[in-house]
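To keep things clear, I will list the structure first and then write my remarks on it.
Just so it is clear, none of the values below were taken in a lab; they were calculated from the coordinates. Note that the coordinates shown come from a computational prediction; the quantities given were computed from them, not determined experimentally. FYI the Cβ positions are ideal-geometry reconstructions off the backbone, even for glycines, and counts take in every protein chain you see.
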């Protein structure tokens, strides 16, 4: 069954988060869906190095969504580079400036 994921914040503990594999036993934080993109706004792995983040990326991409990560930490940048994400800059109306955004389209192998 494919779940309809509404636009907006995806909070831990919700059915949508569980459907994505974004569960409180693995992560802290929150995600956002807007259109065909799921943004990883804040994420902390409870068990770094066990593949949970990779599994989350794979699940999101397999459901047909692009992934975006705004202004990642140095450690997250290294992970994103290794996973084939590309650094971009997008205009943010909220801040009235361009912001750093690492993206991975679902069509990227």
*For labels at residue 12 and residue 100 in the simple 7 Å Cα→Cβ model, what's the distance in nm?*
2.5 nm
_Beyond 12 Å, how much of the Cα-Cα pair distribution for segment 1-50 remains, as a whole percent?_
61 percent
*Please work out how much length the chain gains when fully extended from residue 54 to residue 76, using 0.36 nm per residue of separation minus the C-alpha to C-alpha distance, in nm with one decimal.*
6.7 nm
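With N denoting the number of residues in segment 8-104, provide Rg(C-alpha) divided by 2.2 N^0.38 Å, to two decimal places.
Compactness ratio reported: 1.03.
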*Quote the relative contact order of segment 8-104 in percent (integer), defining contacts as alpha-carbon pairs under 8 Å separated by 6+ residues.*
20 percent
*Rounded to the nearest 0.05, what FRET efficiency is calculated for residue 89 and residue 62 with R0 set to 35 Å and r the Cβ-Cβ distance?*
0.80
*Once Rh is set to the Kirkwood radius over Cα pairs, what Stokes-Einstein translational diffusion coefficient, in µm²/s, holds for segment 48-109 at a temperature of 25 °C and a viscosity of 0.890 mPa s?*
197 µm²/s
